[in-house]
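Comments concern the structure below.
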Amino acid sequence: MKTADRIAALILLGISAYFLFESKHFSPFGALFPRVIIYILGILALILFVLSFFKKGGGKLFEETKSVYLPVAIAFILVIGWVALLQYIGFFVTSIFFFSLITVFLDRKATKGPVLIKRLLMTCGSVTGFYLFFAKVMQVPFPEGIFF
């Protein structure tokens, strides 16, 4: 794992250097946010590179489960469906539908009664808040479909 961490850190440092060089062509205010992200990525990659030289303690950090890939694959397919239907149905309706579906699917233990209703309300509230902030306050246009 140490070699993989070093390679990943070097790749991320290279990406950071490339994008830092490319951000020189931006206006001063246009480059502010990308440069902050680039610096954070570079610092974290540098930390990963340095930590890859130290001996790690024994034991597992994460517990592996047998069905790791199926939920991730289905969530990925749902996200592809969300993107595909976005222009036809619209951002707001598709986001509420697909994010609710993903939330329910990824946490199958919480599919009964009040917990399910709570999760669906939280999803609806999050999407509504996101939509209202960006569409009304920031004046960002979202894909409009047949419903919204």
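The values are calculated or read from the model by the stated rules, or taken from the named source; none is laboratory data. Because the structure is a prediction, the values reported are computed rather than measured. Here the Cβ positions follow ideal geometry from the backbone for every residue, glycine too, while neighbour counts run over all protein chains shown.
For segment 72-86, indicate whether the set of residues that are of a type in the set (Phe, Trp, Tyr), at pLDDT 90 or above, assigned to a helix (DSSP H, G or I) and closer than 28 Å to SER23 by Cβ is non-empty. No, segment 72-86 contains no residue that is of a type in the set (Phe, Trp, Tyr), at pLDDT 90 or above, assigned to a helix (DSSP H, G or I) and closer than 28 Å to SER23 by Cβ.
Does LEU116 count as surrounded by 11 or more Cβ atoms within 10 Å (Cβ to Cβ), at pLDDT below 90 and either over 30 Å from THR3 (Cβ atoms) or in contact with a His (Cβ under 6 Å, 6 or more places away or on another chain) (or both)?
On the way: surrounded by 11 or more Cβ atoms within 10 Å (Cβ to Cβ): yes; at pLDDT below 90: yes; either over 30 Å from THR3 (Cβ atoms) or in contact with a His (Cβ under 6 Å, 6 or more places away or on another chain) (or both): yes.
For LEU116, the condition - surrounded by 11 or more Cβ atoms within 10 Å (Cβ to Cβ), at pLDDT below 90 and either over 30 Å from THR3 (Cβ atoms) or in contact with a His (Cβ under 6 Å, 6 or more places away or on another chain) (or both) - is met.
Selection of segment 1-29 for residues being hydroxyl-bearing (Ser, Thr, Tyr), exposed (fewer than 14 other Cβ atoms within 10 Å of the Cβ) and under 24 Å from the mean Cα position of the chain (by Cα) yields only TYR18. Does LEU32 count as surrounded by 11 or more Cβ atoms within 10 Å (Cβ to Cβ) and modelled with pLDDT of 90 or more? So LEU32 does not fit the description; no.
Inside segment 35-60, can you point out the residues that are of a type in the set (Val, Ile, Thr) and surrounded by 14 or more Cβ atoms within 10 Å (Cβ to Cβ)? Steps first, answer last, please.
From segment 35-60, those of a type in the set (Val, Ile, Thr) are 36-38, 40, 43, 47, 50; that's our starting set.
Once the filter is applied, which keeps residues that are of a type in the set (Val, Ile, Thr) and surrounded by 14 or more Cβ atoms within 10 Å (Cβ to Cβ), segment 35-60 yields only ILE38.
If the condition is being within 12 Å of GLN87 (Cβ to Cβ) and assigned to a loop (DSSP other than H, G, I, E, B), then segment 129-145 contributes PHE142, PRO143, GLY145.
Residues in segment 80-106 that are touching a Pro at 6+ places or on another chain (Cβ under 8 Å), touching a residue at least 40 places away in the same chain (Cβ under 8 Å) and among the aromatic types (Phe, Trp, Tyr): PHE91 alone.
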